[in-house]
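These notes are about the structure you will find just below.
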């Protein structure tokens, strides 16, 4: 009995240590799985999965391979660089001998790595050595924060990366010269959030040259597949590199609350799009313009008044409002104040519970919708009712930001060459004329297009109808080329 009692006591005493050991083993397995998932995602070209294994910022040191010092980068930029570099290449990583240590929410890992690289018409390249990873537990998931390669040796073609980069350029040039549309999906950072965009290139694009570039913005609530993408594509056909993107909170871009229309935030997105374009070797850094339609024109004009890196502006069918103008569309003073109160309550609810209140973005039956009326562009799948856009989602909290935003004050600070295109049938024509008069430069032009349509119904023709769009693109292309 004494022996059995002793054994029971020893088992009881050892139980907590066994539990800790089991928990530690589980944590080590999770750490290892994060690293393995990352390299497997690279090999299989699942780029978003690879990016998800990193923290937003990651320190990368490949100095033993490149001779360049390590640096901190955005995970989106790191993975985006791999994606571009490995377009024509295939890789296979083998990781073994994991040595993992964990202290609280931090982990450090050493492992052996053998990486094989292949590409058509390029001799293979193998690299081997050790990886040193650091990870942190962020919201219950292990994320890689540091990655260092300690090279031991190489086999095969040591110029593999350079030759693959040249191969990618030749392939891209071949595609463009075949007159196929040239557009690629890109990502960039805006105030810590990832923005997803479509970058359009001119026909006969030559990667060795630099081109003027244009940031293109669409109307409120919209995504890059609507009017922004249409104008960006047409501008690229006129010799420009053009960027259409999903603003924060919309489409494929990050940002919460979703479907939250925040004018000040969208102005910053335009500035950060300029920052991104200036990093591209194919862009002429001194020739970046901005184009906007409807509310996008409003945001573009304000951005240009604050950011002198924008060298030229074109605003088409501008939506420009002040405290008096919003009363015309949103039920007078009483209607405006009611929407502001609803927005404030929705913001308080979101802050306390994380819940977002929504109304439809467009409706012909619900008077509470953000846009109430038979506006065919947003209702017609052949026009603007594309699958990427959400007709049923508009964050109620948006009303306060939208209704109190006053772009008219920015005109006095806008000394950038500016072209404004409008008509009597577009929205608030008098406000466009008043804004134009106050622009603080003589290098400005107001082009008025004739129409029999009443305001605001001609507005929607500027979104996608061939006559208005082609006229605007022709005028804009001439303006950007001259300025």
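Side notes on the structure shown:
Conditions tested, residue by residue: (1) under 20 Å from residue 195 (Cα atoms); (2) modelled with pLDDT of 90 or more; (3) surrounded by 17 or more Cβ atoms within 10 Å (Cβ to Cβ); (4) outside the structural domain of residue 192 (by TED's automatic domain parsing).
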residue: 86; (1), (2), (3), (4): no, no, yes, yes
residue: 92; (1), (2), (3), (4): no, yes, no, yes
residue: 102; (1), (2), (3), (4): no, yes, yes, yes
residue: 114; (1), (2), (3), (4): no, yes, no, yes
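- Options 399, 389; residue that is in contact with a helix residue (DSSP H, G or I) (Cβ under 9 Å, 6 or more places away or on another chain) and either free of Cβ contacts under 8 Å to residues at least 40 places away in the same chain or assigned to a loop (DSSP other than H, G, I, E, B) (or both): 389
- Qualifying residue in the range 424-443 (condition: touching a strand residue (DSSP E or B) at 6+ places or on another chain (Cβ under 8 Å), closer than 25 Å to residue 474 by Cα, part of a strand (DSSP E or B) and assigned by TED's automatic domain parsing to the domain that holds residue 308): no
- Pairing each residue of the range 75-101 that is farther than 18 Å from residue 53 by Cα with any residue that is exposed (fewer than 14 other Cβ atoms within 10 Å of the Cβ), provided the two are 6+ apart or on different chains, yields C-beta distances under 8 Å for 87/171; 88/120; 88/171.
- If you go through the range 183-229 and pick out every residue that is touching a helix residue (DSSP H, G or I) at 6+ places or on another chain (Cβ under 9 Å), more than 22 Å from residue 169 (Cα to Cα) and in a loop (DSSP other than H, G, I, E, B), you end up with 9.
- The set of residues in the range 49-69 being under 25 Å from residue 141 (Cα atoms), outside any strand (DSSP E or B) and in contact (Cβ under 8 Å) with a residue 12 or more places away in the chain consists of 49, 50, 51, 53.
- Hits in the range 402-419 - residues which are buried (at least 19 other Cβ atoms within 10 Å of the Cβ) and outside any helix (DSSP H, G or I): 405, 414, 416, 417, 418, 419
The values are calculated or read from the model by the stated rules, or taken from the named source; none is laboratory data. Remember, it's a predicted structure, so these values are computed and weren't measured experimentally. A quick note on method: Cβ atoms are made from the backbone with ideal geometry, for glycine too, and the neighbour counts reach across all protein chains shown.
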